[in-house]
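Here the structure is laid out as C-alpha cells; the discussion comes afterwards.
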Amino acid sequence: MTAYVISEVEPRDAVLFERYRALAPAIIARYGGRYIVRGGEADVVEGGPPAKTIVIVEFHTMARAREWYRSPEYAEALKLRAGALDRRLMFVEGVSPTP
C-alpha cells in the first residue's frame with residue numbers, strides 16, 4: 001500500500017537548507033520515492049497556525065519509506081538537516097484502492 005512522508009518545514013539556515021535540498025531528491029528517488037508537493041503555496045482555511053513549507057513524498061510502501069529514512073545515504077543528509085531546518089515529519093499510509 002502506498003505511503004506518504006509529510007514534512008512541515010521551517011528553514012533555519014538558508015545555506016544549509018539549500019545544501020540539504022540539493023541532496024534529498026536523489027536519495028528519495030533511489031528508494032523509489034517521488035515528490036507530490038515540495039514547498040508550493042499553502043493556504044490554511046481552517047484551524048492551526050499559518051502554513052509552513054509543506055513537503056509530501058510518495059513511496060510504494062511504508063516499508064520502503066522507512067528504509068529510505070534509515071538509509072546510510074539519508075543519514076548524511078540528516079546531519080545537514082539538524083542545522084538547516086526545523087521540521088515535523090510524519091509517515092502516513094494511503095488508502096487501499098476500492099475494488
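Name the residue that is surrounded by the fewest Cβ atoms within 10 Å (Cβ to Cβ), counting only residues in the range 1-22 that are of a type in the set (A, V, I, L, M), at pLDDT below 95 and not in a helix (DSSP H, G or I). Only one residue tops the list, namely Met1. Checking Arg12, Arg21, Arg64 one by one, the residue that is of a type in the set (Lys, Arg), out of contact with any Ser or Thr (no Cβ under 9 Å at 6 or more places or on another chain) and within 15 Å of Phe91 (Cα to Cα) is Arg64 and no other.
Taken over the range 52-94, the residue count meeting the criterion of being in a loop (DSSP other than H, G, I, E, B) and either touching a residue at least 24 places away in the same chain (Cβ under 8 Å) or surrounded by 12 or more Cβ atoms within 10 Å (Cβ to Cβ) (or both) is 5.
Would you confirm whether any residue within the range 65-80 is closer than 18 Å to Asp13 by Cβ and within 11 Å of the chain's Cα centre (by Cα)? Explain how you work it out, then say what you get.
To start, the set of residues in the range 65-80 that are closer than 18 Å to Asp13 by Cβ comprises 76-80.
If we keep only those that are within 11 Å of the chain's Cα centre (by Cα) as well, we get none.
No, the conditions are met nowhere in the range 65-80.
Report the residue count in the range 52-99 for those that are in contact with a Phe, Trp or Tyr (Cβ under 9 Å, 6 or more places away or on another chain), within 19 Å of Arg38 (Cα to Cα) and not charged (D, E, K, R). Matching residues across the range 52-99 total 18. Considering only residues of the range 24-51 that are without any contact (Cβ under 8 Å) to a residue 24 or more places away in the chain and open to solvent by 80 Å² or more (accessible area, probe 1.4 Å), which is nearest to Tyr4 (Cα to Cα)? Out of the qualifying residues, it is Arg38. With respect to the conditions (1) at pLDDT 95 or above; (2) touching a helix residue (DSSP H, G or I) at 6+ places or on another chain (Cβ under 9 Å), Ala65 falls short on a single one, namely (2).
The values are calculated or read from the model by the stated rules, or taken from the named source; none is laboratory data. In this text the structure is predicted, and so the values were computed from the model without any measurement. Quick reminder, even Gly has a Cβ in these numbers, built from the backbone with ideal geometry, and neighbours come from all protein chains shown. Just so you know, the surface numbers come from the protein's heavy atoms only, side chains and all, with ligands and any DNA or RNA stripped out. Shrake-Rupley method; radii C 1.70, N 1.55, O 1.52, S 1.80 Å.
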